[in-house]
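In what follows, a single structure is set out as structure tokens and then discussed.
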Amino acid sequence: MFQRRPYFGDFNNQYLPPRVATMPNSLYQSLQGKYFVGYADNLTFGNGTSAWAGLINPKNSNVNLHVNVYTITDFAEPPIDVQVWFNAALPGNPVGTKHVTPANTAIYPLPAPNVRLLSASNVTGLPQGGVNAASRRSIPGQTIAEESNGIYIFPPGGSFTIFLTNVSGVETPGIVRVAFGWWEEHIYKYY
């Protein structure tokens, strides 16, 4: 609602919107210790195999996952196909990464994420179920960066995954790093 401001001389508009300080939501989440960053390194694929990295929200996490940013760095020569999958079952035997940290390291003790960053290399098969939400092609030697401002939201049991394959007809092995920034919103249950 607009408020009436005091009249200061020859000022034409006495009605101005209220002054509001703004803060990016990602900074707000980081100040609370709810923002995390991490990456899966040296994902390899080729000769008919694929790789993937994703944020997996465990069924018992009691948080909603908000994906804020992801980056994909292609270290190999040929371009690769990049697919974004929501809530898919993924092939292979995933491993966790040790490269995860809260963005705010001034908090003691450091908060730990409930969401897991998992990845798998040289897998056969395709994601099952879920939704292929986006696809694009990388430029060799460059990084794809996508900021979504937390609009991708996944409840417990959900996932956000980057699935990587060679461009059709290319057999050269791919080497990729996938990084994520996300926050976790605690789910409050009212009975």
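Stretching the chain fully between T172 and E185 yields a gain of 0.6 nm (0.36 nm per residue, less the alpha carbon separation).
Figure legend: label point modelled 7 angstrom from the Cα of N25 along Cα→Cβ; residues of the stretch 155-188 with amide N under 19 Å from it are 155-156, 158-161, 180-188. Footprinting exposure proxy ranking of Y39, Y188, fewest other C-beta atoms within 10 angstrom first, gives Y188, Y39.
Just need log10 I(q)/I(0) for the stretch 21-102 at q = 0.22 Å⁻¹, Debye formula, equal scatterers on the alpha-carbon atoms, no solvent, rounded to two decimals. Per q value, in the given order, log10 I(q)/I(0) is -1.33. Backbone geometry of the stretch 91-104 corresponds, through the Karplus equation with coefficients 6.51, -1.76 and 1.60 at θ = phi - 60°, to 3J(HN,Hα) couplings of x, x, 10, x, 10, x, 10, 8, 8, 10, 8, x, 6, 9 Hz, x marking Gly and Pro. For the chain, the relative contact order works out to 41 percent when only alpha carbon pairs closer than 8 Å and six or more residues apart are counted. Would you mind getting me the FRET efficiency between K59 and Q142? Use the beta-carbon distance for r and R0 = 41 Å, nearest 0.05. Calculated value: 0.65.
Applying the Kirkwood pairwise sum to the alpha-carbon positions of the chain produces a hydrodynamic radius of 18.5 angstrom. May I ask you to derive the FRET efficiency for N149 and N42 from their Cβ-Cβ distance with R0 = 22 Å, giving the value to the nearest 0.05? Efficiency at R0 = 22 Å is approximately 0.15. The longest stretch of the chain left intact once loop-based trypsin sites (Lys or Arg not before Pro) with at most 14 other Cβ atoms within 10 Å are removed from consideration, loops following DSSP, is 99-188. Couplings for the stretch 29-42, taken from phi via the Karplus curve 6.51 cos²θ - 1.76 cosθ + 1.60 with θ = phi - 60°, read 5, 5, 4, 8, x, 9, 9, 10, 10, x, 8, 10, 10, 6 Hz in order; Gly and Pro are left as x.
Residue exposure proxy: I151, I187, ordered by other Cβ atoms within 10 angstrom of their Cβ from fewest to most, comes out as I151, I187. Cβ crowding within 10 Å, taken as a proxy for footprinting-reagent exposure, orders D81, D74 from fewest neighbours to most as D81, D74.
Where a number appears in this text, it was derived from the coordinates with a stated rule and is not lab data. Since we're looking at a predicted model, the values are computed, not measured. Quick reminder, even Gly has a Cβ in these numbers, built from the backbone with ideal geometry, and neighbours come from all protein chains shown.
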